[in-house]
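A.B. asks: Before we start, here is the structure in question, set down as structure tokens.
Bear in mind these aren't lab numbers, they're just calculated from the coordinates by the rules spelled out. It should be emphasised that the depicted structure is a prediction, and the values quoted were computed from it without experimental measurement. As a convention, Cβ positions derive from the backbone with ideal geometry for all residues, glycine included, and neighbour counts pool all protein chains shown.
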Amino acid sequence: MKLDRREFLKWSSLGLSAAGISSHAFADKAYRVERRDSPSILQGATDQTMTQFSVVHHSKNLNFLIKDSTGRTKLPDAVYEMQRPGLEKMIYKVLCSGLQLGEDYELLVIEESTQDVIDTRTFSTLDTTSDQLRFAICSCMDEFKHSPHIWKDLVLQAPDFILFVGDSTYVDYGPGPEMGPDRLWQRFAEARSVLDIYFSQKLIPLLAIWDDHDFGKNDSGKEFPFLKESQENFLSFFALDEGYASCMARGPGVSSSLRLGRQQFLLMDDRSFRVAGFSKERYAHWGQEQEEWMIERLTEHIGPSWIINGSQIFPQMIFKQSYSGEHPVQFAALKEHLRQIPSKVIFISGDVHFSEISRIESEAFGYSTYEFTSSSIHSQKIPGAPGIIKNPRRVASTGKNNYLLVSSHSIGNGCRGLVESRSPNDKINFSYSFDTSEL
């Protein structure tokens, strides 16, 4: 991508560079952040009768009970404990079945030695048959810039589920051991002790994919020396057991798919197979196995599909990675594949520290579609963005800390709906109606 002189001067006058955007100014904040000692809990992949939780806490002696609205209690099907030797925080994976759609439940966290209930959260299951969905998209969650108010706004909107689309933890920021398995675990545990979403009284099913910072290193890919350990770490802290969500299936790396009604969500791993630089390799972005897995799921699906990637798909910027910019050979092949598949697709991405909607012209796939970029919920802002950054496909945008809230109704092989960019205190930055149900 060429940068003209006028655009170069804009960036130069702001003192921005690839290195400058990537760096993190720790000196003025000295790592000051409020960390909580109470259990950090998320609800993971869920269907109509089953769900699962990831609980992070320092105690080695926790028990769990599920209580329904009549006061009846039951034990989870299973509880698995995970911990790295020498590190304080541990993870409990809590797996539950035999639940009912429409029922309100409580998850009780009990200290084994005293039998005291030390935490209680409310949750419900997910209607996997509905053709009308409402979901939130979040990325770039720097705990050192934590904003609890934006998470409170999100929970009040009561989406059906939440998508984390990258940089849920900045493992390469902050103090701690050298990069390796211990640092990956410690930084995830530290982020879990801060973000307000993990301490919400009302739990909402949450699915996640990563980008570079929760993978391990800025702009890194399959050359990262702790790739296997990073995959294991990511899957440990989230709750993505396909055995406890019939609507979900695991794919290569940390990828997964989710089918709700006629809508399919493909969460793509853009790090485990990624070749650095402007590679001309055929499978330089997602790898061959993952692309073939994705194409198979798209081909056999009847209805619209959402392709979710940590880095952007279409836009190309001077300081951020993108599929089309860095891996044009695989991108060109992907477009040809998608033109042959009846299922219409919409793209979701994060990473760039501003939110935007790109309207993709019908020449790309034979129908007009979109890329929804959601970034950042609380992280570094880029002065002047997105206005100073060219994107001729852009139809809506904001540089404020925000998340996207999407309401989507499947129609045939496409869908239509509304996407909002939201900030704290019920602030709507933009609202945009979308439609892929017609050519």
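A.B. asks: Give me the net charge of His149's neighbourhood, meaning all other residues with Cβ under 13 Å from the Cβ of His149; Lys, Arg count +1, Asp, Glu -1.
C.D. replies: Around His149, the surrounding residues sum to +2.
A.B. asks: What does the charge count near Arg422 come to, summing +1 for each Lys or Arg and -1 for each Asp or Glu among other residues with Cβ under 11 Å from its Cβ?
C.D. replies: Surrounding charge for Arg422 is -1.
A.B. asks: In the Gaussian network model of the chain, springs joining C-alpha atoms below 10 Å, which of Val94, Val352, Val329 carries the largest mean-square fluctuation?
C.D. replies: Val329
A.B. asks: Indicate the gyration tensor shape class of region 120-267 (rounded, prolate or oblate), computed on the Cα atoms with a ≥ b ≥ c the square roots of the eigenvalues: a/c under 1.5 is rounded; otherwise a/b larger than b/c is prolate and the rest oblate.
C.D. replies: oblate
A.B. asks: Would you kindly state how much longer the chain becomes between Glu88 and Glu300 on full extension, computed as 0.36 nm times their sequence separation minus their alpha carbon distance, in nm to one decimal?
C.D. replies: 71.8 nm
A.B. asks: Mind giving me the FRET efficiency for Ile341 and Lys390? R0 is 41 Å, r the Cβ-Cβ distance, nearest 0.05 is fine.
C.D. replies: Approximately 0.85, to the nearest 0.05.
A.B. asks: Further question: Distance between the C-alpha centers of region 237-269 and region 111-154? Whole Å please.
C.D. replies: Distance between centres, Cα-based: 18 Å.
A.B. asks: Follow-up. If you build a Gaussian network model of the chain, linking Cα atoms that sit under 10 Å apart, which residue out of Glu106, Glu88, Glu420 swings the most?
C.D. replies: Looking only at Glu106, Glu88, Glu420, the largest GNM fluctuation is found for Glu88.
A.B. asks: For a quick check: sort Cys415, Cys247 by the number of other beta carbons within 10 angstrom, fewest at the front.
C.D. replies: Cys247, Cys415
A.B. asks: Let me ask something additional. Sorted from fewest to most neighbouring beta carbons within 10 Å, what does the list Phe237, Phe278 look like? Walk me through the intermediate numbers first.
C.D. replies: Values: Phe237 25, Phe278 12.
Listed from fewest to most nearby Cβ atoms, that is Phe278, Phe237.
A.B. asks: To the nearest whole percent, what portion of all C-alpha pairs in region 126-177 is separated by more than 14 angstrom?
C.D. replies: Result: 63 percent of Cα pairs exceed 14 Å.
A.B. asks: GluC sites (Glu not before Pro) within region 223-279: which are DSSP loop residues with at most 15 other Cβ atoms inside 10 Å?
C.D. replies: Glu223
A.B. asks: For Leu75 paired with Asp127, estimate the spin-label separation in nm (one decimal), with each label point 7 Å from Cα along the Cα-to-Cβ line.
C.D. replies: Each label point is offset 7 Å from its Cα along the Cβ direction, giving 3.4 nm.
A.B. asks: Can you give me the relative contact order of the chain as a percent, contacts being Cα pairs under 8 Å and 6 or more apart?
C.D. replies: It comes to 15 percent, rounded to a whole number.
A.B. asks: Taking semi-axes √(5λ) of the Cα gyration tensor in Å straight from the coordinates, which label in (1) 45, 35, 19; (2) 33, 26, 20; (3) 40, 26, 21 is the correct one?
C.D. replies: Label of the calculated value: (2).
A.B. asks: For a paramagnetic label modelled at 7 Å from the Cα of Ile118 toward its Cβ, which residues of region 54-89 fall within the zone defined by backbone nitrogen distances under 11 Å?
C.D. replies: 56-63
A.B. asks: Still on this structure, please answer the following. May I ask you to sort Ile389, Ile295, Ile302 by Cβ crowding, counting other Cβ atoms within 10 Å and putting the fewest first? Please report the intermediate quantities before stating the final value.
C.D. replies: On the way: Ile389 22, Ile295 15, Ile302 11.
Arranged by neighbour count, lowest to highest, Ile389, Ile295, Ile302 become Ile302, Ile295, Ile389.
A.B. asks: From the helices alone, meaning DSSP H stretches of at least four residues, give me the mean residue ellipticity at 222 nm for the chain, per-run term -39500 (n - 2.57), in deg cm²/dmol to the nearest 500.
C.D. replies: Roughly -5000 deg cm²/dmol at 222 nm, from the helical runs in the chain.
A.B. asks: So what is Rg over Rh here for region 40-123, counting just Cα atoms and using Kirkwood for Rh?
C.D. replies: The Rg/Rh ratio comes out at 0.97.
A.B. asks: Can you pull out the GluC sites (Glu not before Pro) in region 246-323 that DSSP calls coil and that have at most 16 other Cβ atoms within 10 Å?
C.D. replies: Sparse-neighbourhood loop GluC sites (Glu not before Pro): Glu281.
A.B. asks: May I pose another question? What is the magnitude of the charge dipole of the chain about its Cα centre, with +1 placed on the Cβ of each Lys and Arg, -1 on the Cβ of each Asp and Glu, and no other charges, expressed in debye to the nearest 20? Don't skip to the end; give the middle numbers.
C.D. replies: Working: 47 positive and 57 negative charges, 234 e Å.
Taking the Cα centre of the chain as origin, the dipole is about 1120 debye.
A.B. asks: Specify the inter-centroid distance of region 397-439 and region 324-351, based on alpha-carbon positions, in whole Å.
C.D. replies: First find each Cα centre; the distance between them is then 20 Å.
A.B. asks: Below 13 angstrom from the Cβ of Ser343, what's the summed charge of the other residues (Lys, Arg +1; Asp, Glu -1)?
C.D. replies: The answer is +3.
A.B. asks: Okay, next question. Is the shape of region 315-439 best called rounded, prolate or oblate, per the rule: a/c under 1.5 gives rounded, else a/b larger than b/c gives prolate, else oblate, with a ≥ b ≥ c the square roots of the Cα gyration tensor eigenvalues?
C.D. replies: oblate
A.B. asks: Of Lys60/Lys202; Lys280/Lys390; Lys93/Lys335; Lys145/Lys320; Lys93/Lys228; Lys217/Lys381, which ones are farther than 30 Å apart at the Cα?
C.D. replies: The answer is Lys93/Lys335.
A.B. asks: Assuming R0 = 30 Å, what is the FRET efficiency of Gln157 and Ser246, from their Cβ-Cβ distance, to the nearest 0.05?
C.D. replies: For Gln157 and Ser246, the calculated efficiency is 0.70.
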